[in-house]
1. Among the residues that make up the range 3-21, is at least one of them within 22 Å of Gln160 (Cβ to Cβ), of a type in the set (Asp, Glu) and assigned to a strand (DSSP E or B)?
2. Considering Tyr95, Tyr135, which residue is over 13 Å from the mean Cα position of the chain (by Cα) and aromatic (Phe, Trp, Tyr)?
3. How many residues are in a helix (DSSP H, G or I) and of a type in the set (Gly, Ala, Ser) when one looks only at the range 89-108?
4. Go through (1) over 18 Å from Met128 (Cβ atoms); (2) part of a loop (DSSP other than H, G, I, E, B); (3) not polar (S, T, N, Q) for Leu86 and report which single condition fails.
5. Touching a residue at least 12 places away in the same chain (Cβ under 8 Å), surrounded by 13 or more Cβ atoms within 10 Å (Cβ to Cβ) and closer than 20 Å to Met128 by Cα: does that describe Ala34?
6. Could you list, in sequence order, the residues of the range 22-50 that are in a loop (DSSP other than H, G, I, E, B) and not small (Gly, Ala, Ser)?
7. Residues in the range 39-65 that are surrounded by 20 or more Cβ atoms within 10 Å (Cβ to Cβ), under 18 Å from Gln160 (Cα atoms) and out of contact with any Lys or Arg (no Cβ under 7 Å at 6 or more places or on another chain): how many?
8. Among the numbered criteria (1) part of a loop (DSSP other than H, G, I, E, B); (2) in contact with a Ser or Thr (Cβ under 7 Å, 6 or more places away or on another chain); (3) over 29 Å from Leu15 (Cβ atoms), which one does Gln160 miss?
Amino acid sequence: MLRLDIIRHAKAKKLSISGQDIDRKLSKRGILQAMLLANFILKDNIWNHPFILCSHSTRTRQTAEYICGDDKKLLSSVTYREDLYLASSSFMLQYLMKFESDVHHIVIIGHNNGISELLSYLSGEARMMSTGSFYSLQLNIDHWNELHSGCAEVLHSFFQ
C-alpha cells in the first residue's frame, strides 16, 4: 500500500515586506498551528522517513521547518519545488503519478485551492483544507500511476 500525506501550510500574514504573495511569512497563529501539527505528527510517530515535497513559498517552507523541528534527517528529506507554488490539483496528481512504487510514503505541503481539490479527488469526498490542516491517506493502489478518484481512505486527520 502507498501512503500520501497532504498538508496545507499554516496561517500566513496578510502581507509581506516585498509585497509578493510568495514571500508571506507565518503569522503568530500560523506558528502555533505549525507547532501543534508537528506535535500531532511526531508524538504519534506517524511518519517513517517519507519523501517530502514542499512548495518553495516562505509560508510552506516555514511550515515544513516547524514540522521537522530538530530532526535534521527529516528536514534534509524535504524537496522544495517552485512548480508546487499555487499548483493545481491536476498538476500535483500528474506529478505524483511519475513516482516509482518503491517510494511508499509521500508528503505534500502546499496551497489551496489545489491541495483541497487533490484531497477531495483522491478521497472521493468534497473537503476544504483550512490552514495548518493535515490528512494522511492510505491509497488502495500498488503503483503511483494508478491514482484515481476515490482511491484513498483517510487514516489520520488534524485540522485547526
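1. Checked the range 3-21: at least one residue is within 22 Å of Gln160 (Cβ to Cβ), of a type in the set (Asp, Glu) and assigned to a strand (DSSP E or B).
2. Every option except Tyr95 fails the conditions.
3. Matching residues across the range 89-108 total 2.
4. Of everything listed in (1) over 18 Å from Met128 (Cβ atoms); (2) part of a loop (DSSP other than H, G, I, E, B); (3) not polar (S, T, N, Q), Leu86 misses just condition (1).
5. Judged against the criteria, Ala34 is a match.
6. Selection gives Arg24, Lys25, Asp44, Asn45, Ile46, Trp47, Asn48, His49, Pro50.
7. 4
8. The number of the failed condition is (3).
The values are calculated or read from the model by the stated rules, or taken from the named source; none is laboratory data. Quantities reported herein were computed from a predicted structural model and do not represent experimental measurements. Don't worry about glycine lacking a Cβ; one is built from the backbone with ideal geometry, like all the others, and counts go over all protein chains shown.
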